[in-house]
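Quick notes on the structure that follows.
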Amino acid sequence: MSEREEDESITEQRYESLEDLPGIGPSTAQKLRELGFHTVESLAMATVRELEPAGISEKKALAIISAARSSIGISFIRADELLKMRQSVLRLTTGSKALDKLLDGGLETQTITEFYGEYGSGKSQICHQLCVNVQLPPERGGLNGAALYIDTENTFRTERIVQMARYLGLDPENVVKNIIYAEAYTSDHQMFLLENADEVIKENNVKLVIVDSLTAHFRSEYLGREMLAARQQKLNKHMHRLIRLARAFNAVAVVTNQVMAKPDVFFGDAIHPIGGHIVGHTSHTRIYLRRASRGPVRIARLVSSPYLPEGEEIFKITENGIEDTSEEEKTKSSGR
Ligand code: GTP
Ligand code: MG
């Protein structure tokens, strides 16, 4: 053991619950829970200002956050710590080798991956597939974990999960049990669900958090130009919460966003996100999905990533789920 490692093993203490953290009594813990902080992990990702409403002074907040951070072994201050975090990034397979290749091995933990595209482009199908794949062992591209599915459009189908699980040789009953489902009725409800998800995530070993769709409620509730700023602010807050959960629990975060093609636009950007562009986040990978033609083939375009180059790959949606295309399908769609 190097001197530094030895040093760390002495200073790092594990805290299991909020009350174990120095300076948190039962009533402060209660207030923190009301604010959505149920676990040491979520406190580790809090900012000083967020703890203010619990009546915690700046100095005390800093001490609490830093104790929580050291307890779960993260800190954003030193570059070597950042590197350590980066090294703990895991990858989740999409079920298609081509799609995985586009993403340099699959969807990453600790960041948000956004799938956007028109209706029927396969956003929800990918979400379903990921819920099954996350339960696979790492040698099969999974994370041995559970999934949390926040559904805003009531499009989640258990039967589809069963179909996909069978194809992968998994026990469908078990697979279904490991998907925690919540329907969000309004944008506020959607935000509330995520704000209170940390405990569920921890208790169930959730390694995948899905919000499908991220924007549907927001775009139907916040109409018109004058509501735009308020909507973007809320969406930003929502995304922020999601990224923090993904980091705290080393989980994959996925959101979907619908876009509509504008047939009257001949030049430039013919694709227009209905909910407006989500303000780009530094750790945010965006994939644009579209149909190749009639049939099961879809085109995925990596539009932006913190560090991966842009690119395009094709895959298909079949009875089995998300799969690679055959050579014949590849040739056919190359003339797209
Ligand atoms: P919106 O939510 O409406 O914006 O669309 P989406 O992008 O979420 O589309 P979704 O993922 O629901 O894709 C629907 C498409 O997936 C259908 O049009 C079918 O082509 C395909 N699909 C869905 N279920 C099945 C299935 O059980 N078998 C097969 N072969 N294809 C399916
Ligand atoms: Mg959908």
Leading residue by the ranking (most open to solvent (accessible area, probe 1.4 Å)) among those in the stretch 97-127 that are within 14 Å of ligand 1 (Cβ to nearest atom) and part of a loop (DSSP other than H, G, I, E, B):
Tyr119
Selection from the stretch 283-310 of residues that are part of a strand (DSSP E or B) and either under 15 Å from Ser96 (Cα atoms) or free of Cβ contacts under 8 Å to residues at least 40 places away in the same chain (or both):
Ile287, Leu289, Val297, Arg298, Ile299, Ala300, Arg301, Leu302, Val303, Ser304
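Suppose we filter His128, His189 for residues that are over 26 Å from Ser305 (Cα atoms) and modelled with pLDDT of 95 or more; which single one remains? First the steps, then the outcome.
Values: His128 fails: over 26 Å from Ser305 (Cα atoms).
Exactly one residue qualifies, and that residue is His189.
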Evaluation of Glu108 against (1) at pLDDT 95 or above; (2) more than 14 Å from the chain's Cα centre (by Cα) (one fails), failing number:
(2)
Out of curiosity, is Gly117 in the same structural domain as His217 (by TED's automatic domain parsing), at pLDDT 95 or above and touching a Lys or Arg at 6+ places or on another chain (Cβ under 9 Å)?
no
I'm trying to understand the selection: among the residues of the stretch 128-157, which are assigned to a helix (DSSP H, G or I) and either among the polar types (S, T, N, Q) or more than 16 Å from ligand 1 (Cβ to nearest atom) (or both)?
Gln129, Asn133, Pro138, Glu139, Arg140
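The values are calculated or read from the model by the stated rules, or taken from the named source; none is laboratory data. The shown structure was predicted, so the numbers you read here are calculated from the model rather than taken from an experiment. Using ideal geometry, Cβ is built from the backbone for each residue, glycine included, and neighbour counts are taken over all protein chains shown. Please note that ligands, DNA and RNA were not included when accessible areas were found on the heavy atoms of the full protein model with its side chains. Shrake-Rupley method; radii C 1.70, N 1.55, O 1.52, S 1.80 Å.
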